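Colleague: What follows is a single structure, and I will ask about it in a moment.
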């Protein structure tokens, strides 16, 4: 892929940003051509988010220069950046939840006269903008009623302003289905054709291979280098981390033989999972693979009492728990890490200490009857944060102030405090850089080494292939195949994912007359889990 021109729409020289005790960005050079996709690549904390916050006017630099279309520019605010044609879509959305989609899309540019907003024009413009992108969302809906994926769509539509020359996309597919992501990629190609320069942040190698013209790699706030988008995955990982790819995945211990988790003929109330049976043994790591909406996440959540059941059995070390709530599963020794750490996992505006210790506060080490031992709690949180290599390991720092990788490591640290029997990790590496993944993978393998049963629900095929002794492949709400040892290959997993067409699904759902009625909802179940 090539840029449509050699004109620089953005040029940065020596950009620096300092916070108390840390230099987040250290003299970084960066440039963007009209009509190119330029990927920013690096571990969490490498400086990517800081760089785009400076380019979008969300923060101010402590040194360096910025040129927009060859003209020196200062970007004191997001509004000032937008006036110069720079729009950003961040992971943390900027929408007003209590306002409609139409009002959010027109905010700051409302049509009208003499201070009176033309409401019919607001709705018409919003409808045209959403239709332009193929987003099936009513302009009259309140943003707070939208799913995260729908909010992502509104953010993208909001960013595409008529005067746009620089578009910044920060992990834009993190909340999207494969179909929605495909639509986004088409929009990116359209923007390129219009001469818009695109700064794109992603951890997904497939997206880099598909979209990138160039890739700039950052590490510890410094520029490592800029390479062509065709650079191999192994080379990019080496530039980002200084590690070889083979070093990412720890060696697996021999699997155990005694079942810890046994599920028989499980069917959820909404039929997102139907008649599935599986088991996980002590000392074994089992993967749940499948496409979005396949049922893999619903099956995992059912094993923690988070899905309503219509049939089936769930036993932990022989104890029947089907139909029980999450607290009962926890008492039986099960712990679950949700796929959406911000929505279901963390208290973002509270100290990380509280997110780490909350489920275990009744333990004698952190409480004395009804009284908290705050000093003990802080020490416990600090110890597990150090073990998980959070940077910094400060229990009192708000969870929201940590990078995505550090947030995920904190969530995993909470699970490790439980000293449980069965650990269920739902998309454990979503939005997490390679360096943080190494720490997470090591801890999960160590759990199996110590005799625990581990379930990994993952859309990342390498995790299924390299971290699991066995894998169940889900498709259309059922288990399409079980793979182990030499059978656990990329080709076999993909074949089982794709093999179930509509005829197969109809045959599999005989005896469940309400499946078709409920089936249309399963595509969103796992996206919001």
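Conditions tested, residue by residue: (1) over 25 Å from residue 333 (Cα atoms); (2) at pLDDT 80 or above.
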site	(1), (2)
420	no, yes
426	no, yes
434	yes, no
468	no, yes
496	yes, yes
510	yes, no
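Colleague: Residues in the range 267-281 that are in a strand (DSSP E or B) and surrounded by 24 or more Cβ atoms within 10 Å (Cβ to Cβ): how many?
Modeller: Here the count works out to 2.
Colleague: If you don't mind, there's one more thing I want to ask. Look through 341, 376, 350 and report the one residue that is surrounded by fewer than 17 Cβ atoms within 10 Å (Cβ to Cβ), more than 25 Å from residue 317 (Cβ to Cβ) and within 23 Å of the chain's Cα centre (by Cα).
Modeller: None of the others qualify; the one that does is 350.
A quick yes/no check of all residues on (1) more than 22 Å from residue 165 (Cβ to Cβ); (2) without any contact (Cβ under 8 Å) to a residue 60 or more places away in the chain; (3) in a strand (DSSP E or B):
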| site | (1), (2), (3) |
| --- | --- |
| 25 | yes, no, yes |
| 32 | no, no, yes |
| 38 | no, no, yes |
| 53 | no, yes, no |
| 76 | no, yes, no |
| 81 | no, yes, no |
| 88 | no, no, yes |
| 96 | yes, yes, no |
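Colleague: Still on this model: Looking at 118, 69 in this structure, which one is surrounded by 13 or more Cβ atoms within 10 Å (Cβ to Cβ), in contact with a strand residue (DSSP E or B) (Cβ under 9 Å, 6 or more places away or on another chain) and free of Cβ contacts under 8 Å to residues at least 12 places away in the same chain?
Modeller: 118
Colleague: Now a separate question. Among the residues of the range 413-438 satisfying the criterion of being in a helix (DSSP H, G or I) and touching a helix residue (DSSP H, G or I) at 6+ places or on another chain (Cβ under 6 Å), which is surrounded by the most Cβ atoms within 10 Å (Cβ to Cβ)?
Modeller: If we take residues in the range 413-438 being in a helix (DSSP H, G or I) and touching a helix residue (DSSP H, G or I) at 6+ places or on another chain (Cβ under 6 Å), then 436 is surrounded by the most Cβ atoms within 10 Å (Cβ to Cβ).
Colleague: Residue 351: out of contact with any helix residue (DSSP H, G or I) (no Cβ under 6 Å at 6 or more places or on another chain), modelled with pLDDT of 90 or more and outside the structural domain of residue 50 (by TED's automatic domain parsing), yes or no?
Modeller: Against the criterion (out of contact with any helix residue (DSSP H, G or I) (no Cβ under 6 Å at 6 or more places or on another chain), modelled with pLDDT of 90 or more and outside the structural domain of residue 50 (by TED's automatic domain parsing)), residue 351 qualifies.
Colleague: Taking into account only those residues within the range 306-324 that are more than 29 Å from the chain's Cα centre (by Cα) and crowded, with 18+ Cβ neighbours inside 10 Å, which is farthest from residue 267 (Cα to Cα)?
Modeller: Within the range 306-324, the match that is farthest from residue 267 (Cα to Cα) is 316.
Colleague: Any residue at all in the range 209-231 that's outside any strand (DSSP E or B), modelled with pLDDT under 90 and within 19 Å of residue 49 (Cα to Cα)?
Modeller: yes
Colleague: State which residue is modelled with the lowest pLDDT when the search covers only the range 105-114 and only residues that are under 15 Å from residue 79 (Cβ atoms) and surrounded by 13 or more Cβ atoms within 10 Å (Cβ to Cβ).
Modeller: Filtering first and then ranking leaves 110.
Colleague: Select from the range 402-412 the residues that are assigned to a helix (DSSP H, G or I) and out of contact with any strand residue (DSSP E or B) (no Cβ under 7 Å at 6 or more places or on another chain) and list them in ascending order.
Modeller: Hits for the range 402-412 are 404, 405, 406, 407, 408, 409, 410.
Colleague: In this structure, is residue 399 modelled with pLDDT of 85 or more and either buried (at least 22 other Cβ atoms within 10 Å of the Cβ) or touching a strand residue (DSSP E or B) at 6+ places or on another chain (Cβ under 7 Å) (or both)?
Modeller: Yes, satisfied.
Colleague: Answer yes or no as to whether residue 371 is in contact with a helix residue (DSSP H, G or I) (Cβ under 9 Å, 6 or more places away or on another chain) and surrounded by fewer than 16 Cβ atoms within 10 Å (Cβ to Cβ).
Modeller: no
Colleague: Next up: Out of (1) over 21 Å from the mean Cα position of the chain (by Cα); (2) surrounded by fewer than 23 Cβ atoms within 10 Å (Cβ to Cβ), the odd one out for residue 472 is which?
Modeller: Tallying (1) over 21 Å from the mean Cα position of the chain (by Cα); (2) surrounded by fewer than 23 Cβ atoms within 10 Å (Cβ to Cβ), residue 472 fails exactly one: (2).
The values are calculated or read from the model by the stated rules, or taken from the named source; none is laboratory data. Here the structure is a predicted model, which means the values were calculated and not measured. Here Cβ is always computed from backbone atoms with ideal geometry, including for glycine, and neighbour counts include all displayed protein chains.
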